[in-house]
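Chemist: Before anything else, here's the structure in question.
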Amino acid sequence: MMLTIARPDDWHLHLRDGAMLEAVLPYTAAHFGRALAMPNLVPPVTTAALAAAYRQRILDAGAGDFEPVLAGYLTNRTDPDDVAAGFRDGAWRAMKLYPAKATTNSDHGVTDIDSIRPVFERMAEIGMPLCVHGEVTSDDVDIFDREAVFLDTVLTPVREALPSLKIIVEHATTRQSVEFVEAYANTWASLTPHHLWWNRNAIFAGGLRPHAYCLPVLKREEHRKALVRAAISGDAKFFAGTDSAPHPVHRKESDCGCAGVFCAPTALSTYAEVFEREGALERLETFTSFHGADCYGVPRPTETVTLVKEAWTPPETITAGEHPVRVFRGGESVAWRVEA
Ligand code: DOR
Ligand code: ZN
């Protein structure tokens, strides 16, 4: 069986920098035409000038006709004029809200959501999307509840105060996020292959599995099912964003392991497998290739890729500089292969 679809875009991707960028970029560029590059570098991409420079480093890493699209990193001190100027000039297309300390390299993130209200207002005015890492960071809140509590206590007030602001709930992991997105206009969610594939048992399957640790953390099966239902529904509010997030193996297999799943090599195959299991392959293309482009206001892709139903075994690791990076579903049988 073969399936040809419009070339997908990845609307949530960690490309990193330097040797890691060079190692991981070809895997994304092989399957995706564009990707929204996340700004949680060290130091983070907080200004339009830094975004333009990072965009150039990605292009210099040599990815053929792959097109990086940049997201900027919001801080308590983000300047609304710089946001608008960068949007106008194409340096960046979206801003990312990381609650401070929510995840990898989010230390400079926003601690006081009210302090950046003027930025949100400007973004609403110019039609610039807000990408949200939707988790509260308080130790008092159970880690499995942090997304749902964020929706109630942080995002709902913003959503209701600025109905015209485009909001994307990044890497949605719960039924509550699906319902939030369905309930409000101008609200979308990106969905990752690993949150569609695994539930939280994967973190503890026969022992502690650091390579299944990501943020937001995997949730119960009930939530995974809600995400799958949303993905295959055909609803234009849900689209692909892989959150492929490479870390060297030694940083994951550690006393305090990093969060992130490197899924770029198997992301598209996994989306296809999920849709096929649900008998929804005919809706794969709109999810991977159209809904995100429509949300971000860019033309739908014109190139295509072909998927073949042919089992293959991805490598367990790839090498970045001197370090191995574990591949999502590496060493397992994967049902769909993307034709070169
Ligand atoms: O698992 C994750 N890894 N979640 C994030 O939000 C950040 C990412 C990373 O940068 O490694
Ligand atoms: Zn991410």
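What follows is calculated from the coordinates using simple rules that are stated; it is not laboratory data. If you're wondering where the values come from, they're calculated on a predicted model, not measured in any experiment. Glycine also receives a Cβ, built like all others from the backbone with ideal geometry; neighbour counts cover every protein chain displayed.
Chemist: Provide Rg and Dmax in Å for the stretch 7-89, with only Cα atoms included in the calculation.
Modeler: Values for the stretch 7-89 (Cα only, Rg and Dmax): 12.7, 37 Å.
Chemist: Sticking with this structure for a sec: Between residue 85 and residue 59, what's the calculated FRET efficiency when r is the beta-carbon distance and R0 is 30 Å? Round to 0.05.
Modeler: Given R0 = 30 Å and the Cβ-Cβ separation, E is 0.90.
Chemist: Right, another one. Report, in order of residue number, the helices in the chain meeting two criteria: a C-alpha extent of 20 Å or more along the helix axis, and a mean Kyte-Doolittle hydropathy of at least -0.5; treat each whole DSSP H run as one helix. Let's see the in-between values first.
Modeler: Numbers: long enough: 18-31 (21 Å, 0.73).
Helices passing the filter in the chain: 18-31.
Chemist: With +1 assigned to the C-beta of every Lys and Arg and -1 to the C-beta of every Asp and Glu, and no other charges, what is the dipole magnitude of the chain about the Cα centre in debye, to the nearest 20? Don't skip to the answer; put the middle values down first.
Modeler: Numbers: 33 positive and 45 negative charges, 69 e Å.
That gives a dipole near 340 debye.
Chemist: Run the simple label-point estimate for residue 19 and residue 139 please: 7 Å along Cα→C-beta, distance reported in nm.
Modeler: 3.5
Chemist: Among the aspartates and glutamates, which have Cα under 13 Å from the Cα of residue 101 when same-chain residues fewer than 8 positions away are ignored?
Modeler: Straight-line reach from residue 101, under 13 Å: 112, 135, 139.
Chemist: Now, a different point. Per the helix-only calculation at 222 nm, which mean residue ellipticity applies to the chain, given -39500 (n - 2.57) for every DSSP H run of n ≥ 4 and division by its residues, nearest 500 deg cm²/dmol?
Modeler: Working: 12 runs with 105 residues, N = 340.
After summing the helix terms and dividing by residue count, I get -8500 deg cm²/dmol.
Chemist: Something else about it: If you consider only alpha-carbon coordinates, what radius of gyration and Dmax does the stretch 129-241 have, in Å?
Modeler: Just the Cα atoms of the stretch 129-241 yield Rg and Dmax of 13.9, 47 Å.
Chemist: If the cut-off is a Cα-Cα distance under 24 Å, which lysines reach residue 225, setting aside same-chain residues fewer than 8 apart in sequence?
Modeler: Filter leaves 237, 309.
Chemist: Semi-axes of the chain's equivalent ellipsoid from the Cα gyration tensor, sqrt of 5 times each eigenvalue, largest first, rounded to whole Å?
Modeler: Values: eigenvalues 151, 97, 91 Å².
Each semi-axis is the square root of five times an eigenvalue, giving 27, 22, 21 Å.
Chemist: Then there is this: What translational diffusion coefficient, to the nearest whole µm²/s, does the stretch 194-340 have by Stokes-Einstein, given a Kirkwood radius computed over alpha-carbon pairs, a temperature of 20 °C and 1.002 mPa s viscosity? Mind dumping the intermediate values first?
Modeler: Working: Rh = 16.3 Å.
Calculated translational D: 131 µm²/s.
Chemist: Expressed as a whole number of Å, what is the distance separating the alpha-carbon centroids of the stretch 209-239 and the stretch 1-65?
Modeler: Distance between centres, Cα-based: 22 Å.
Chemist: Ok, one more. Between residue 308 and residue 126, what is 0.36 nm times their sequence separation minus the Cα-Cα distance? Round to one decimal in nm.
Modeler: Working: separation 182, 0.36 × 182 = 65.52 nm, distance 4.14 nm.
Taking residue 308 through residue 126 to full extension adds about 61.4 nm, to one decimal.
Chemist: Let me ask something additional. Have a look at 176, 150, 287 and report the one farthest towards the positive end of the charge dipole of the chain, computed about the Cα centre with Cβ charges (Lys/Arg +1, Asp/Glu -1).
Modeler: Going by the Cα projections, it comes out as 287.
Chemist: Of the listed peptides 115-124, 184-193, what is their order by residue-averaged count of other C-beta atoms within 10 Å, with the highest listed first? Walk me through the numbers on the way to the answer.
Modeler: Details: 115-124: 18.5, 184-193: 22.6.
Per-residue Cβ counts within 10 Å, averaged per peptide and sorted highest first, yield 184-193, 115-124.
Chemist: Measure out, as a whole number of angstrom, how far apart the alpha-carbon centroids of the stretch 306-335 and the stretch 150-177 sit.
Modeler: 34
Chemist: Under a crude label model (7 Å from the Cα following the beta-carbon direction), how far is residue 205 from residue 256 in nanometres?
Modeler: For the pair residue 205/residue 256, the computed spacing is 2.9 nm.
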